[in-house]
Structures are given as structure tokens and as C-alpha cells.
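A.B. asks: I am attaching a structure below and will ask some questions about it afterwards.
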Amino acid sequence: MITRLKNGPSLVFWILGGYFLTQLCVRLLIPHSLELDESAQVFYAQWPAFGYDTQPPFYNWVQTALFQVLGTHLFALAFLKNVILFLTYLFLGLAAMRMVRSKELAVVAVLGLLTFPQLVFESQRDLTHSVAAVFASALFIYALIRTLDTPSWYSYALLGFATGIGLISKYNFALLPAAAFLAVVIDPEFRKRLFDLRILVAAIVGLLVILPHALWLLDHLDLATQGTINKLEGQDVTSKWAQVALGTISLAGALIGFAGLTFLTFLLLYPRSLSQTIRRNNRWSLLLGRIMLCALALLLVLILVSDSTNIKDRWLSPIFLILPLYLATKLDQLDIEIEPYLSRMWSLAKVILICMPLVMLVRIPAHGWFGDYTKLNTDYGAALSEILQRVEEQPMAILASDVHLAGNLRILRPDLPVFIAGYSQLMGDTRISTSTPLLVVWRVGKTEDMPGSLGKWIERIGVPRPYTSGKVSVPYNFGRPGDASTFGYALVRIDPAAG
């Protein structure tokens with residue numbers, strides 16, 4: 001395999017294609033309950049919109065379009081996830097092949113992406129918007145390298161397109177083009193690309209991509225930003241110095257959490273080679289290094305001017321995804337191969353490529369065996385089936401207590417609209433005009449009664465008739481004997497409000 005990869009570096013993309021196809025099959029083999037982000041995609045797909053909540057809508061748009069083609073099924077969710085991840089590796093690989101002389105090192109850079117836990121595990125487990133952001137990052141880096149190396153109308157347009165979809169994938173993606181701009185300004189050779197009139201094409205294309213969501217954002221700024229601000233602020237502190245210290249420590253921890261394993265992997269695989277490249281640089285290693293440093297500087301400024309104390313490692317993914325490319329450009333400056341680059345990385349990569357699908361396959365049964373139940377251990381299908389058998393008539397709509405539950409019910413019954421309390425800006429006027437049987441489902445916690453928020457929502461859309469509630473308990477997928485998840489339910493017939 002090493003010889004074949006050396007002679008045909010593009011083989012690595014076929015290998016990765018097979019890997020992601022395997023991951024797709026694994027997702028279809030494990031329980032079909034949905035994770036949190038998957039549920040949100042299914043729920044929001046009922047109402048195509050220019051914006052939804054605290055996350056930008058790019059992934060929602062693509063997923064909703066795919067649901068229209070393939071149907072609202074788990075396959076459509078898993079298919080999109082793995083296609084986007086494959087394209088992430090593809091575009092970063094194409095960028096690497098433009099930056100390094102040794103195509104062997106380009107393969108090393110691509111395989112090095114497998115050492116990011118956020119990319120290789122968390123993205124498969126339950127991420128959507130972050131997956132879109134790393135794809136946009138890969139496309140942006142490819143377009144940037146192509147524009148700086150061999151500028152053309154197409155490369156500038158692609159750069160604008162990548163910037164646009166990145167900004168409507170995750171708001172923190174803005175760090176990447178900002179850091180790249182500063183890195184380009186610093187370099188005398190690259191700086192002239194900023195004064196090329198074709199950069200207007202990039203600006204126009206990027207603006208057209210973000211315009212629909214930007215217009216929505218102007219009217220919903222509080223809704224879109226409040227969740228992110230709350231996550232950034234994290235802890236209450238008594239002084240600015242304490243806040244800055246906590247924020248800086250959090251940033252350092254996030255950096256180690258996201259990129260530490262990748263850096264350590266390269267250091268262990270190529271200790272002698274990397275030690276000899278510390279003071280060696282070329283235009284590409286300088287560019288990538290400056291992008292990462294400028295991004296860190298911008299994050300430190302953010303910590304200084306805001307109340308940020310909590311930086312998540314996944315927020316760094318659009319930036320530090322380029323670390324394997326940076327290390328490959330450093331190794332490429334050695335005239336001789338001191339260490340067997342590809343064979344060492346391939347020895348590790350093939351273990352990851354084999355083990356990760358197995359980990360994803362056994363993790364749900366393992367959680368069940370130990371009684372540490374995850375979202376996929378809950379059998380929503382069995383719960384809904386039993387509820388529908390108990391109610392006296394079939395519902396025309398479903399009201400769920402939260403987005404996660406709503407998405408799981410919606411994928412089981414895509415023929416029924418599924419609502420949750422709130423989200424009036426998304427769902428619009430939900431007042432009914434005819435007598436409607438509404439199935440209300442909630443999670444049973446300390447009390448079995450219907451949550452008050454659901455009752456208030458029902459009263460806003462019409463006049464509910466008297467009803468009785470019940471509960472169902474269903475065993476967990478791969479659960480221990482006697483362990484079960486419990487749901488409350490009620491079939492409420494609602495009449496139109498007078499007048």
C-alpha cells in the first residue's frame with residue numbers, strides 16, 4: 001500500500017471514500033434514535049427559513065434540500081454528514097498537493113487529519129454546523145492557496161464562495177478569513193493579491209451567499225447571538241483580571257484539546273525531522289503559521305474586550321484544521337527524507353481507519369451494558385408505537401416538550417407536523433381553524449404531569465377539550481433488565497377559538 005500511495009497519491013481519497021462509506025453503514029446499523037444535532041435538523045426542516053436560532057443555516061439548507069430528494073430518513077442525515085466530511089479531507093488534500101513538493105507529504109497531511117478527535121470522533125457522533133464549518137475551512141484554504149499561487153477569476157470567486165458558506169455555517173468561522181487577511185497583509189509577495197481588482201468578485205460572491213441570512217440576522221440579532229454570548233461568558237468573575245486569566249487559560253486548554261494530539265502525533269512520528277525544521281520556512285509554512293498565530297491574537301483580543309471565560313475546543317476547528325498542512329510544509333523543506341514519512345503515518349492511520357467504525361458500532365451497546373445510557377439508547381420508536389396504540393384516534397399533529405424529542409418523533413412520523421412550545425417566529429401562526437386531535441408527548445421527570453409550557457401553548461392555538469394523560473415506559477436499546485425511559489402523553493382535541 002505504501003508503494004501504491006507514493007506512486008498515486010490520489011489513492012488516499014479512494015481510501016477515505018471507503019472509510020466514510022463504512023461510517024455511513026455503521027450509522028444505519030446502530031439504533032435509529034437521533035442525537036441532539038440530528039434531531040434539530042429534522043425538526044427545523046419542516047420550516048425552510050433564512051435563519052433559525054443561535055446557529056447559522058447553511059447545514060439546515062443543505063439537509064432540508066436532501067430531505068426533499070431522499071425523504072426524511074436517517075440515511076439522508078448520515079449521507080450528508082459523511083459526504084461533507086469526505087469533501088473536507090479532499091479539499092485540504094488538494095491544498096496540500098499545491099503547497100508541498102513531495103506528494104508523499106501531501107498524503108501525510110491528509111492522513112494527519114485523522115488525529116483530530118473533534119474531526120474523527122465527535123463529528124461522527126453528533127455535530128452538524130461544526131462539520132459544515134470545517135468543510136468551509138478546507139474549501140477556503142484550498143481557494144486561498146490557489147488564489148495566492150495562480151490567481152484567476154475562478155479562484156477569487158471560489159474564495160468568496162467559501163468565505164460566504166463559512167460565515168453561514170458557524171459564526172466563529174469569521175476568525176479564519178480575518179486571520180488569513182492579516183497573514184496575507186504581512187507578506188510582501190502575497191499582499192499584492194489584495195489589490196487585484198478580481199478581489200471584488202470574491203467580495204460580491206461572498207456577499208450574495210450571506211445576504212439572505214444577513215438580512216434575517218438584522219431582525220433577530222438577540223436570538224442569534226445570545227446563546228453564543230452565554231457560552232463564551234461561562235463563569236461569573238469578580239474582576240476583569242480574573243476574567244482575562246480564566247479566558248486565557250480556557251483558550252490554552254481548548255487549543256491543547258483540539259490540536260494537542262495532532263501535534264504530539266507528528267512530534268512522535270518525526271522527532272528528528274521536525275527538530276531540523278524549527279528555523280526553516282518557506283512562503284507556505286510562513287502563511288499557515290501566521291494564520292494560526294493571528295487567530296490566537298484575535299481570540300486574545302476578544303477575551304480582553306469581552307467577558308469571555310469559556311472557549312470551546314471545537315470553536316478552534318476552522319483555524320487549527322490546517323496544523324497537519326503546516327507541519328507537512330515544514331517537513332517538505334528538508335532536502336532528504338530523514339525519516340520514513342508516509343510509512344509511519346500510514347501505520348497509525350490504518351489503525352484509526354479500522355478502529356473508529358468499530359468504536360462507533362459498539363459504543364451504544366457498551367453504554368447500555370454499563371447502564372450509562374446515551375441519547376441513542378432511548379427507543380423512541382417503541383415509545384411512539386405504544387402511545388399510538390393506546391390513544392383513541394390518530395393525531396393530526398404532535399406537540400413535543402423539546403427539540404430533541406420533536407426531531408425523534410418527526411423522523412418516525414414524517415407525515416405529521418411536529419411542534420414545540422415557543423419558536424413562534426419559526427413556526428408562525430399555529431392557531432387552528434378546525435377541530436384537531438393533537439398528540440402531546442413529554443419526558444417524565446420528577447412529575448408525570450404535562451409541563452405547564454405545553455398547556456399554555458395549547459391554550460394559545462385554540463380551545464382544548466378535557467383530556468386524560470398517561471405514560472409509557474420502554475426498555476432502553478441494549479439496556480439492563482428493568483431499566484426504561486418513561487414518556488408522558490395526552491391526546492388533546494382542540495377546537496378553534498371563538499372569533
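The values are calculated or read from the model by the stated rules, or taken from the named source; none is laboratory data. Owing to the predicted nature of the structure, the values given are computational and were not obtained by experimental measurement. Here the Cβ positions follow ideal geometry from the backbone for every residue, glycine too, while neighbour counts run over all protein chains shown.
A.B. asks: Listed residues Gly247, Gly257; which is assigned to a helix (DSSP H, G or I) and buried (at least 21 other Cβ atoms within 10 Å of the Cβ)?
C.D. replies: Working: Gly257 fails: buried (at least 21 other Cβ atoms within 10 Å of the Cβ).
When all the criteria are applied, what remains is Gly247.
A.B. asks: Anything in the stretch 88-114 that is surrounded by fewer than 23 Cβ atoms within 10 Å (Cβ to Cβ) and either of a type in the set (Ser, Thr, Tyr) or touching a strand residue (DSSP E or B) at 6+ places or on another chain (Cβ under 9 Å) (or both)? List them, or say none.
C.D. replies: Ser102
A.B. asks: Moving on to the next point. Being in a helix (DSSP H, G or I) and without any contact (Cβ under 8 Å) to a residue 60 or more places away in the chain narrows it down to one residue among Ala78, Ala96; which is it?
C.D. replies: On the way: Ala96 fails: without any contact (Cβ under 8 Å) to a residue 60 or more places away in the chain.
Matching residue, one of Ala78, Ala96: Ala78.
A.B. asks: May I pose another question? Give, as residue ranges, the helices (runs of 4 or more DSSP H) completely inside the stretch 131-224 that count at least 1 residues that are out of contact with any helix residue (DSSP H, G or I) (no Cβ under 9 Å at 6 or more places or on another chain) and closer than 18 Å to Pro57 by Cβ.
C.D. replies: In the stretch 131-224, the matching helices (runs of 4 or more DSSP H) lie at 199-219.
A.B. asks: What residue, among those in the stretch 156-209 that are aromatic (Phe, Trp, Tyr) and under 26 Å from Leu299 (Cβ atoms), is surrounded by the most Cβ atoms within 10 Å (Cβ to Cβ)?
C.D. replies: The initial filter retains those residues of the stretch 156-209 that are aromatic (Phe, Trp, Tyr), namely 156, 161, 171, 173, 181, 190, 195.
Okay, now just the ones that are also under 26 Å from Leu299 (Cβ atoms), so 161, 171, 173, 181, 190.
Values: Phe161: 19, Tyr171: 19, Phe173: 29, Phe181: 13, Phe190: 20.
My answer is Phe173.
A.B. asks: Can you pull out every residue in the stretch 304-347 that is without any contact (Cβ under 8 Å) to a residue 60 or more places away in the chain, assigned to a helix (DSSP H, G or I) and in contact with a helix residue (DSSP H, G or I) (Cβ under 8 Å, 6 or more places away or on another chain)?
C.D. replies: Tyr326, Lys330
A.B. asks: I would also like to ask the following. Could you please give the count of residues in the stretch 326-356 that are within 27 Å of the chain's Cα centre (by Cα) and buried (at least 20 other Cβ atoms within 10 Å of the Cβ)? Steps first, please.
C.D. replies: Kept after step one, since they are within 27 Å of the chain's Cα centre (by Cα), are these residues of the stretch 326-356: 326-328, 345-346, 348-356.
Add one more test, that the residue is buried (at least 20 other Cβ atoms within 10 Å of the Cβ), and what stays is 326-328, 345-346, 349.
Matching residues across the stretch 326-356 total 6.
A.B. asks: Also, quick follow-up: Name every residue in the stretch 269-296 that is among the polar types (S, T, N, Q) and over 25 Å from Ala349 (Cβ atoms), in order of residue number.
C.D. replies: From the stretch 269-296, those among the polar types (S, T, N, Q) are 273, 275-277, 281-282, 285; that's our starting set.
The answer is Asn281, Asn282.
A.B. asks: Any residue in the stretch 423-440 that is among the β-branched types (Val, Ile, Thr), in contact (Cβ under 8 Å) with a residue 24 or more places away in the chain and under 17 Å from Tyr44 (Cβ atoms)? I'd like the intermediate steps shown before the answer.
C.D. replies: The first filter runs over the stretch 423-440 and keeps only residues among the β-branched types (Val, Ile, Thr), leaving 430, 432, 434, 436, 440.
Of the ones still in play, those that are also in contact (Cβ under 8 Å) with a residue 24 or more places away in the chain are 430, 432, 434, 436, 440.
With under 17 Å from Tyr44 (Cβ atoms) added as a condition, the list becomes 430.
Yes, the stretch 423-440 contains at least one residue that is among the β-branched types (Val, Ile, Thr), in contact (Cβ under 8 Å) with a residue 24 or more places away in the chain and under 17 Å from Tyr44 (Cβ atoms).
A.B. asks: List pairs: first residue in the stretch 463-483 and at positive phi, second residue exposed (fewer than 14 other Cβ atoms within 10 Å of the Cβ) anywhere in the structure, Cβ distance under 8 angstrom, at least six positions apart or on different chains.
C.D. replies: Phe478/Trp369
A.B. asks: Within the stretch 1-36, track down each residue that is assigned to a helix (DSSP H, G or I), at pLDDT 95 or above and not aliphatic (A, V, I, L, M).
C.D. replies: Phe13, Trp14, Gly17, Gly18, Tyr19, Phe20, Thr22, Gln23, Cys25, Arg27
A.B. asks: Given the criterion surrounded by fewer than 17 Cβ atoms within 10 Å (Cβ to Cβ) and within 24 Å of the chain's Cα centre (by Cα), identify the matching residue among Leu302, Leu316.
C.D. replies: Values: Leu316 fails: surrounded by fewer than 17 Cβ atoms within 10 Å (Cβ to Cβ).
Result: Leu302 is the single residue among Leu302, Leu316 that is surrounded by fewer than 17 Cβ atoms within 10 Å (Cβ to Cβ) and within 24 Å of the chain's Cα centre (by Cα).
A.B. asks: Would you check if there is a residue in the stretch 20-28 being within 21 Å of Pro365 (Cα to Cα), in contact (Cβ under 8 Å) with a residue 40 or more places away in the chain and either charged (D, E, K, R) or not assigned by TED's automatic domain parsing to the domain that holds Ala106 (or both)?
C.D. replies: Yes, the conditions are met somewhere in the stretch 20-28.
A.B. asks: Looking at this structure, is Pro395 at pLDDT below 95, part of a loop (DSSP other than H, G, I, E, B) and either buried (at least 18 other Cβ atoms within 10 Å of the Cβ) or not acidic (Asp, Glu) (or both)? I'd like the intermediate steps shown before the answer.
C.D. replies: Values: at pLDDT below 95: yes; part of a loop (DSSP other than H, G, I, E, B): yes; either buried (at least 18 other Cβ atoms within 10 Å of the Cβ) or not acidic (Asp, Glu) (or both): yes.
Against the criterion (at pLDDT below 95, part of a loop (DSSP other than H, G, I, E, B) and either buried (at least 18 other Cβ atoms within 10 Å of the Cβ) or not acidic (Asp, Glu) (or both)), Pro395 qualifies.
A.B. asks: Residues that are crowded, with 19+ Cβ neighbours inside 10 Å: list the strands (runs of 3 or more DSSP E) wholly contained in the stretch 404-499 that include at least 3 such residues. Break it down stepwise before answering.
C.D. replies: Values: elements: 418-420, 436-443, 469-475, 484-495.
In the stretch 404-499, the matching strands (runs of 3 or more DSSP E) lie at 418-420, 436-443, 484-495.
A.B. asks: Please go through the stretch 122-143 and give me each residue that is out of contact with any Ser or Thr (no Cβ under 9 Å at 6 or more places or on another chain) and either polar (S, T, N, Q) or at pLDDT 95 or above (or both), ordered by number.
C.D. replies: Answer for the stretch 122-143, where residues must be out of contact with any Ser or Thr (no Cβ under 9 Å at 6 or more places or on another chain) and either polar (S, T, N, Q) or at pLDDT 95 or above (or both): Gln124, Thr128, Ile141, Tyr142.
A.B. asks: Taking the condition of a type in the set (Phe, Trp, Tyr) and either over 26 Å from Asp449 (Cα atoms) or assigned by TED's automatic domain parsing to the domain that holds Ser485 (or both), does Tyr341 pass? Before you say what the answer is, go through the steps one by one.
C.D. replies: Numbers: of a type in the set (Phe, Trp, Tyr): yes; either over 26 Å from Asp449 (Cα atoms) or assigned by TED's automatic domain parsing to the domain that holds Ser485 (or both): yes.
Judged against the criteria, Tyr341 is a match.
A.B. asks: Just to be sure before I move on: is Val110 at pLDDT 95 or above and either over 23 Å from Met292 (Cα atoms) or not aliphatic (A, V, I, L, M) (or both) in the structure I sent? Break it down into steps so the answer makes sense when it comes.
C.D. replies: Working: at pLDDT 95 or above: yes; either over 23 Å from Met292 (Cα atoms) or not aliphatic (A, V, I, L, M) (or both): no.
For Val110, the condition - at pLDDT 95 or above and either over 23 Å from Met292 (Cα atoms) or not aliphatic (A, V, I, L, M) (or both) - is not met.
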